[in-house]
Amino acid sequence: MNSMEAQLAGLIEQPPADLERITVTEAGAGDLVATVDSRFGPLWVAWSRLGVTGLTPVFAVPTIDSFLEHHRRVSYEAPALPRSLESDITDALSSGTAGGLSLDLRGVSEFQQSVLESCSTIPIGQVRPYGWIAKSIDQPGATRAVGTALGKNPIPLLIPCHRVVKSDGSVGNYAFGPEMKRDLLIHEGAIAL
Amino acid sequence: MKPRDASDETEIKRTLVSDRDLGFTMLVRRYQPGIYSGARRLTRLHEDAEEVAQDTFLRAYRALDGYNDTRIRDLRLRGWLWTIALNLCRTRAARPRQEPSGTDLDRSTTDDSPIDAQAWNSRLSRLSSDQRAAVVLRHVADLPIRDIAEATGRPEGTVKADISRGLDKLREAMEREETL
């Protein structure tokens with residue numbers, strides 16, 4: 001027979017398995033992750049209470065574990081995206097503009113945030129050089145830093161960093177390879193085949 | 001990133017200061033099971049315990065917005081969280097509601113544990129609310145007296161007396177059950 005105190009201590013219970021995930025995501029301190037289909041194959045999408053926080057093609061980051069390691073915020077796997085969010089993302093990808101889709105850039109530096117916001121103003125079918133972004137944020141000497149900030153864009157495709165090219169007109173670098181960048185720009189009609 | 005496993009209080013507070021959201025996920029992972037277990041004994045339904053275990057942290061997260069770094073470093077995390085949780089438990093206890101149905105099975109009674117959680121719920125329900133909170137926080141949630149005093153807003157000596165009298169009543173209840 002246990003002592004009374006030992007029996008009381010034995011009343012400890014594990015909470016339901018999903019309570020931590022629900023609490024953290026409800027607070028907005030963590031994200032959920034699921035995939036959405038696109039013409040580049042499935043994409044990992046992370047989202048918080050405030051909007052989309054991350055997007056990466058599965059071909060670049062093939063497993064959920066590697067995506068969770070790669071994503072800047074604490075995240076939990078979800079069975080699927082909410083239907084309305086999935087449809088908004090699909091529309092944004094096909095129209096080339098994020099439109100009313102909410103993006104959550106918390107945790108991104110102020111400089112990178114201003115670079116990404118400026119980049120988001122480039123219309124579909126057009127390109128801008130890195131220097132244009134630097135000037136638009138009143139830091140004309142920061143062209144190289146702009147390139148670095150765009151290279152770390154957590155929400156590519158929805159924030160169209162592929163529309164920023166070298167000043168000589170060549171496509172320049174892209175996180176998922178210059179071929180994908182060229183393909184995107186041809187698809188959007190910004191450059192000729 | 002993936003949620004980090006339970007960490008000690010100092011590391012959680014340091015992380016709350018440097019990265020509020022990451023620190024919060026560590027706080028939840030470290031302390032939510034204890035809050036849930038305690039709330040399970042202080043509320044009548046497991047749904048209430050889940051709500052308390054969730055709302056405690058949502059309120060804590062909002063409160064952290066108004067705290068500067070020094071205040072966060074000075075927090076005694078479990079005492080602070082239980083201050084919030086006890087208020088929520090009291091609010092739920094005051095709600096008029098139906099008695100728990102037979103489907104509100106206590107998980108402790110459905111596994112191999114020899115501890116009869118429903119019998120304990122019944123014994124604990126006979127204590128005064130102060131005694132019940134003090135006994136549960138000390139012996140189920142494993143809080144030190146100082147944290148219980150902070151959470152209940154009662155002096156440490158009073159908390160010790162609550163625990164002692166509460167345990168006496170529980171012992172008497174068990175003895176009565178044995179003679180039946």
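Coordinate-derived values only; no laboratory data. All figures in this text were calculated on a predicted structure; none of them were measured in a lab.
Some observations on this one:
- Over chain B, DSSP H runs of length four or greater, each weighted -39,500 (n - 2.57), average out per residue to a 222 nm ellipticity of -22000 deg cm²/dmol.
- Per residue Cα convex hull volume in Å³ - calculated over the range A:28-134: 115
- Across the range B:125-133, computed HN-Hα scalar couplings (Karplus, 6.51 cos²θ - 1.76 cosθ + 1.60, θ = phi - 60°) run 5, 8, 7, 5, 4, 5, 5, 4, 4 Hz from first to last residue, x flagging Gly and Pro.
- Considering only Cα atoms, the convex hull volume of chain B works out to 137 Å³ per residue.
- Sorted largest first, the spans of the alpha carbon positions of the range A:9-59 along the three principal axes are 55, 22, 11 Å.
- Debye intensity ratio I(q)/I(0), log10, the range B:1-82, q values 0.15, 0.24 Å⁻¹ (C-alpha model): -0.52, -1.16
- For the range B:115-167, the extents of the C-alpha atoms along the principal axes are 31, 18, 15 Å, listed from largest to smallest.
- Computed on the range A:68-185, with alpha-carbon pairs under 8 angstrom and 6+ residues apart, the relative contact order is 22 percent.
- Kirkwood-based shape ratio for the protein assembly as shown, expressed as Rg/Rh from alpha carbons: 1.13
- Beyond 26 Å in Cα-Cα separation lie the following of the pairs A:135/A:181; A:152/B:13; A:152/A:181: A:152/B:13.
- Coordinate range of the alpha-carbon atoms in chain A per principal axis, descending: 83, 35, 28 Å.
- Spatially proximal lysines relative to residue B:160 (Cα-Cα < 18 Å; intrachain offsets below 8 disregarded): B:169
- In chain A, helices alone account for a calculated mean residue ellipticity at 222 nm of -10500 deg cm²/dmol, with every DSSP H run of four or more residues adding -39,500 (n - 2.57).
- Taking Cα atoms only, the orientation of helix A:110-119 departs from the longest principal axis of chain A by about 50 degrees.
- C-alpha long axis of helix A:178-187 to longest principal axis of chain A, angle in °: 70
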